[in-house]
Each structure stands twice: as C-alpha cells, then as structure tokens.
Amino acid sequence: MNIRKSEPSLEIKETEFAELYDEMLKSMRDNGWLNLQLLKEKCAGHSKFLEIGSGPGYIGLEIIKQQDDAMLTGVDISEEMITIAKRNAKKYALQNRVKYIKEDAQLLPFHDNEFDFVFSYRSLHEWRNPIVVFKEIKRVLKGNGSFYILDLKRDIHPKIKQTVLEKTFPAELRKSFLDSVNASYTISEIKELLSNSGIEEYSVVEEPIYVHINGTINPLN
C-alpha cells in the first residue's frame, strides 16, 4: 500500500485550474458520470443543505434542483471556484436558493444545529485536518441530521486507475487526478478519522474508484 501523500501545489494558475475543473465536472454531468444516485437517496426529505468543497457548484445544484423547497449553502476555500459556482447557479436558474461562501471548513461560520444535511464530493483528501472538519460537521448538523461524503480511494486497482487517467478530460488535469488519488484515504484510515472525530453512527462503502461515507448525528452524544 502506498503511503498517503498530501496534494502538491498547483503547477498552473488557480484561475486556469478552476476553469479546467469546471469543464471536467460539466463533462461528467453531461455524460452521467457524477455518481450521484446514493447522494440523492440520502438527502431525500431534507431541505437545508451545506456543501463542503462546493467547487464549480454542479453537485449541489443537481441535488437541489429536484427539491423545490431546498436551500443550499456551499463553502470552498477557492475564490475562483466560488465565482464559477455563482455563475453556474445562474445557468441553473437557482441563484435565489443557493449561497456560496469562501471559507475554510475547519472553522465553519455557522451556528450549532443549523443544517439538516451536509455533503462533500471529492474534497475529503484536500482537507488539511479532516478530524477538525468532521467535528465541525457534527457541530453544525441538527440532531438526527445526516452527512454524506464521496471521495476517491488511494487503493484503486492499478488497471482501473490507468483507465480513469486516460479518460480524464481535460488532459491537463490528469496529473491532478493522480495527485488526488495519492492524497486520498483507505477505508481503515477513514474509519479511524471518524472514530477520532467522535462520530459513532456511520457506514463506509467502497466501489472500484470511490468511497461513500454516510453518517447520522445522535443528539444524545
């Protein structure tokens, strides 16, 4: 098993990376490759959402467009991503139901028990201190609130990793994909992070490329 390596600094400008990443997720959306079925199932019945690492916005926008009463707050550490997410919200005609904030997830600017559901898509491996972020998720969720996190896993089979690499578009993001895989966690590492965060009710399910993390906050804990 390879040792986890934090993602290195970008070799291209942040603005250029943000636009390329937007292009990649848009292509994945249009081709039906976002793998959102489980997220859609888990968030059903909730209405006040927080997205951590909202990026260009497609994931959260795809979620709330199916629920007329849903409101979404997205946080991202990148000002460039926030700008693109706001642009995309207008394309979805959902700008009145979303709010994007430049913020570090280690110190979320929200009250305790504020959200019904918290989710994150392919950003766990970027969190500088995931235990702190998980504790913040626990803090801002209402009692019996739920969270869902999807991320890459580090122990992807080499042949599958090579196939995904070759299909990664735009091609300029292929190195970034490998860096993200190398920075990702295994199931055992994720379980240890959750345990150290004081989260007791959770499940971790793996697929060939991704790991799905689902959890509920017990108000008695």
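The values are calculated or read from the model by the stated rules, or taken from the named source; none is laboratory data. Just so you know, these numbers come straight off a predicted model, no measurement behind them. No Cβ is skipped: glycine too gets one built from the backbone with ideal geometry, and neighbour counts run over all protein chains shown. All accessible areas refer to the heavy atoms of the entire protein, side chains included, with ligands and DNA or RNA removed. Shrake-Rupley method; radii C 1.70, N 1.55, O 1.52, S 1.80 Å.
Taking region 11-33 as the search range and keeping residues that are touching a residue at least 60 places away in the same chain (Cβ under 8 Å) and not in a helix (DSSP H, G or I), which one is most open to solvent (accessible area, probe 1.4 Å)? Here the answer is Glu11.
I'm checking my understanding of the structure. Among residues of region 78-92 that are among the hydroxyl-bearing types (Ser, Thr, Tyr) and open to solvent by less than 50 Å² (accessible area, probe 1.4 Å), which one is nearest to Lys13 (Cα to Cα)? Write out each step before concluding.
Just the residues of region 78-92 that are among the hydroxyl-bearing types (Ser, Thr, Tyr), to begin with: 78, 83, 92.
Among the residues that remain, those that are also open to solvent by less than 50 Å² (accessible area, probe 1.4 Å) are: 78, 92.
Details: Ser78: 12, Tyr92: 27 Å.
Applying the filter and picking the extreme gives Ser78.
Restricting attention to region 185-208, which residues are in contact with a Gly (Cβ under 8 Å, 6 or more places away or on another chain) and either touching a residue at least 60 places away in the same chain (Cβ under 8 Å) or part of a helix (DSSP H, G or I) (or both)? Outline the logic, then answer.
Initial filter on region 185-208 (in contact with a Gly (Cβ under 8 Å, 6 or more places away or on another chain)): 194, 199, 201-203.
Scanning region 185-208 gives Leu194, Ile199.
Which of the numbered conditions does Ala44 fail, given that it passes all the others? Conditions: (1) among the small types (Gly, Ala, Ser); (2) closer than 28 Å to Asp116 by Cα; (3) open to solvent by 70 Å² or more (accessible area, probe 1.4 Å). (3) is the only condition that Ala44 fails.
Quick check on region 171-178. Is at least one of its residues open to solvent by 40 Å² or more (accessible area, probe 1.4 Å), polar (S, T, N, Q) and either out of contact with any Leu (no Cβ under 8 Å at 6 or more places or on another chain) or farther than 29 Å from Glu114 by Cβ (or both)? Show your work before the answer.
Residues of region 171-178 that are open to solvent by 40 Å² or more (accessible area, probe 1.4 Å), as a first pass: 171-172, 174-175, 178.
Pick out the ones that are also polar (S, T, N, Q) and you get none.
Scanning region 171-178 turns up no residue that is open to solvent by 40 Å² or more (accessible area, probe 1.4 Å), polar (S, T, N, Q) and either out of contact with any Leu (no Cβ under 8 Å at 6 or more places or on another chain) or farther than 29 Å from Glu114 by Cβ (or both).
Yes or no: region 114-129 includes at least one residue that is open to solvent by less than 50 Å² (accessible area, probe 1.4 Å), in contact with a Leu (Cβ under 7 Å, 6 or more places away or on another chain) and on the phi > 0 side of the Ramachandran plot. Before you say what the answer is, go through the steps one by one.
Filtering region 114-129 down to residues open to solvent by less than 50 Å² (accessible area, probe 1.4 Å) leaves 114-125, 127.
Next, only the ones that are in contact with a Leu (Cβ under 7 Å, 6 or more places away or on another chain) stay: 115, 118-119, 121-122, 125.
Checking the rest, the ones that are also on the phi > 0 side of the Ramachandran plot come to 122.
Scanning region 114-129, I find at least one residue that is open to solvent by less than 50 Å² (accessible area, probe 1.4 Å), in contact with a Leu (Cβ under 7 Å, 6 or more places away or on another chain) and on the phi > 0 side of the Ramachandran plot, so the answer is yes.
Filter region 110-132 down to residues that are among the charged types (D, E, K, R), touching a residue at least 40 places away in the same chain (Cβ under 8 Å) and farther than 21 Å from Glu207 by Cβ, then give me how many there are.
Taking region 110-132 first, the residues among the charged types (D, E, K, R) are 112, 114, 116, 122, 126, 128.
If we keep only those that are touching a residue at least 40 places away in the same chain (Cβ under 8 Å) too, we end up with 114, 116, 122, 126.
Next cut, farther than 21 Å from Glu207 by Cβ only: 114, 116.
Final tally of qualifying residues: 2.
Identify, please: which residue in region 49-77 is of a type in the set (Asp, Glu) and in a loop (DSSP other than H, G, I, E, B) and is, among those, least open to solvent (accessible area, probe 1.4 Å)?
Asp69
Consider region 82-100 and keep the residues that are without any contact (Cβ under 8 Å) to a residue 40 or more places away in the chain and in contact with a Leu (Cβ under 9 Å, 6 or more places away or on another chain). The one that is farthest from Tyr148 (Cα to Cα) is Lys91.
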